[in-house]
1. From the list ILE23, ILE47, exactly one residue is farther than 24 Å from MET143 by Cβ, surrounded by 16 or more Cβ atoms within 10 Å (Cβ to Cβ) and more than 12 Å from the chain's Cα centre (by Cα). Which is it?
2. Take ASN135 and tell me if it is of a type outside the set (Gly, Ala, Ser) and either in contact (Cβ under 8 Å) with a residue 24 or more places away in the chain or loosely packed, with under 13 Cβ neighbours inside 10 Å (or both).
3. Within the stretch 131-140, is even one residue under 14 Å from MET43 (Cβ atoms) and not hydroxyl-bearing (Ser, Thr, Tyr)?
4. Please go through the stretch 60-69 and pick out each residue that is of a type in the set (A, V, I, L, M, F, W, C) and modelled with pLDDT under 95.
5. Give just the number: which of (1) more than 14 Å from ALA61 (Cα to Cα); (2) basic (Lys, Arg); (3) under 13 Å from the mean Cα position of the chain (by Cα) does ARG113 not satisfy?
6. Of the conditions (1) modelled with pLDDT under 90; (2) charged (D, E, K, R); (3) more than 16 Å from the chain's Cα centre (by Cα), ASP56 satisfies every one except a single condition; which number is it?
7. Going by the structure shown, is ASP30 over 30 Å from ARG127 (Cβ atoms), out of contact with any Ser or Thr (no Cβ under 8 Å at 6 or more places or on another chain) and loosely packed, with under 15 Cβ neighbours inside 10 Å?
8. For the subset of the stretch 95-118 comprising residues that are charged (D, E, K, R) and either without any contact (Cβ under 8 Å) to a residue 40 or more places away in the chain or in a loop (DSSP other than H, G, I, E, B) (or both), which member is surrounded by the fewest Cβ atoms within 10 Å (Cβ to Cβ)?
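The values are calculated or read from the model by the stated rules, or taken from the named source; none is laboratory data. Please read all numbers here as calculations on a predicted model, not as lab measurements. Counting neighbours? That spans all protein chains shown, and the Cβs are built from the backbone with ideal geometry, glycine included.
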Amino acid sequence: MQKQDTGELEIKLESVHPEQIAIFLRENADDLLGNGRNFMDYMNKKIKEKNLMKKDIIMRADINQGYGYKLLTQEKVTKQRDVILRICYAAEFTLEETQYALRLYRMETLYARDARDALIMTCFNDRPGNIINVNELLLKNNMQPLRSSGILE
């Protein structure tokens, strides 16, 4: 069954009274951000589909190996969207897959009206190389590189 997009859920919600929310949630459970494991489940599914290994993704993302594993198992969480972007890029995610992963992680998606986000979006579309190449493009355009942790570099 194909997932409903946000607009479809919003249309359904127009006719739901607050007392009926439990029914709505049950009937639409597969389409809602839920139990906190959605990000990990999605990442595992996509990594398997792409026939990749977590250790390779973490290495290509250029983040600490222990930290990367803990993020992918949700033993640790990050507030840094750049870290999730690094992982998605290293896992060869499309822009659409990346946007979905960000939503599951409850982070802001890439926004085309933001210059830095727009450049990052083009990198997901055209794949100019590895994370280092992406950061070089960002720096070349006077933008902050993708951070690798919550600590300012």
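1. ILE47
2. So ASN135 fails the test.
3. No: the stretch 131-140 contains no residue that is under 14 Å from MET43 (Cβ atoms) and not hydroxyl-bearing (Ser, Thr, Tyr).
4. If the condition is that a residue be of a type in the set (A, V, I, L, M, F, W, C) and modelled with pLDDT under 95, then ILE63 is the only one that fits.
5. With respect to (1) more than 14 Å from ALA61 (Cα to Cα); (2) basic (Lys, Arg); (3) under 13 Å from the mean Cα position of the chain (by Cα), ARG113 is out only on (3).
6. ASP56 satisfies all of (1) modelled with pLDDT under 90; (2) charged (D, E, K, R); (3) more than 16 Å from the chain's Cα centre (by Cα) except (1).
7. Judged against the criteria, ASP30 is a match.
8. ARG113
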